[in-house]
Amino acid sequence: MQEQELVKQLQQGSREAFDRIYLLYHQQAYRTAFFLTGNRADAQDVVQETFVKVWLCAPQLKDRDGFRSWFYRILTRMAFRKGSAQKREIPDADISLLADRGSEGDSLSGLLLKEEREQIRQAVDSLDEKYRTVVVLYYFNEFSTKEIARITGCLEGTVKSRLFAARRKLQKSLQAGWEPVGSAGINSFWKGSNI
C-alpha cells in the first residue's frame with residue numbers, strides 16, 4: 001500500500017494505518033530525535049509525542065503528499081522544545097552501531113571506521129541547533145533543501161546557507177589531528193554536494 005493511501009486511512013481514524021506508518025517512520029524518527037536532542041530518553045519522548053500529535057492532527061493535514069515533511073516538522077519542533085529544556089548528554093555509539101552491522105573487512109579497519117563515524121557524530125552533536133538540524137535532515141534523512149525549508153519554516157536559501165556554514169564548522173572541528181581512513185569520511189559531507 002502506498003504512503004498516500006495510508007495517510008488517507010490515518011486521517012479517517014484507521015488504527016492499522018497508524019501502526020503501519022509507525023513501523024515505516026519510528027526508527028529514522030528516533031535517530032533524528034537522538035541527534036537533535038543528544039539524549040536517548042528525550043529522543044524516545046520526542047518520538048512518542050510526535051506520533052501522538054500525528055494521530056491527533058492527521059485529519060487537519062491538507063496535502064497528503066507532504067506527510068513526510070509535516071511529520072518531520074512536528075518531530076523537529078518537539079526536539080527543539082525538549083533539547084532546549086534539557087541538558088544534552090554525550091551519547092554513546094548507538095547510532096554508529098547501526099552503520100556497523102553491514103560493514104565487512106578486518107577488525108582493525110572496522111574499528112577505525114567506527115572511530116571515524118563516532119568523531120563525525122560528535123562533531124555534528126557539537127553544532128548549534130539550527131546547523132545540527134539541517135545537517136541531520138540533509139545527510140542522515142536525505143531530505144532535499146526544499147523539503148528542509150518546509151520542515152524548518154525557513155527559506156530554501158537559508159537552509160543552503162546553514163548547510164554551507166555547518167560543513168565549514170564540521171570541517172574545521174574535524175581537521176585538527178584527524179585523518180579519515182575510509183571513503184565514508186567527513187569529506188562526503190561537502191564534496192559532491194548538490195547545493
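Viscosity 1.567 mPa s, temperature 4 °C: Stokes-Einstein D of the range 3-85 from its Kirkwood Cα radius, in µm² per second?
Numbers: Rh = 12.7 Å.
After rounding, the answer is 102 µm²/s.
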*For each pair in 82/160; 62/82; 130/169; 53/82; 114/169; 130/172, compute the distance between the two Cα atoms and list the pairs where it is over 23 Å.*
82/160; 62/82
*asked:* Starting from the 7 Å offset along Cα-to-Cβ, what nm value, one decimal, do you get for the label separation of residue 126 and residue 8?
replied: 5.0
*What list of ³J(HN,Hα) values in whole Hz, one per residue of the range 25-40 in order, does the Karplus curve 6.51 cos²θ - 1.76 cosθ + 1.60 (θ = phi - 60°) give from phi, with Gly and Pro shown as x?*
10, 5, 5, 5, 4, 5, 4, 5, 4, 5, 5, 6, 9, x, 8, 4
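No value in this document is a laboratory result; all are computed from the given coordinates. Every value quoted in this text rests on a predicted model; they were computed, and no experiment measured them. Here the Cβ is made from the backbone with ideal geometry for all residues, glycine too, and neighbour counts use every protein chain on show.
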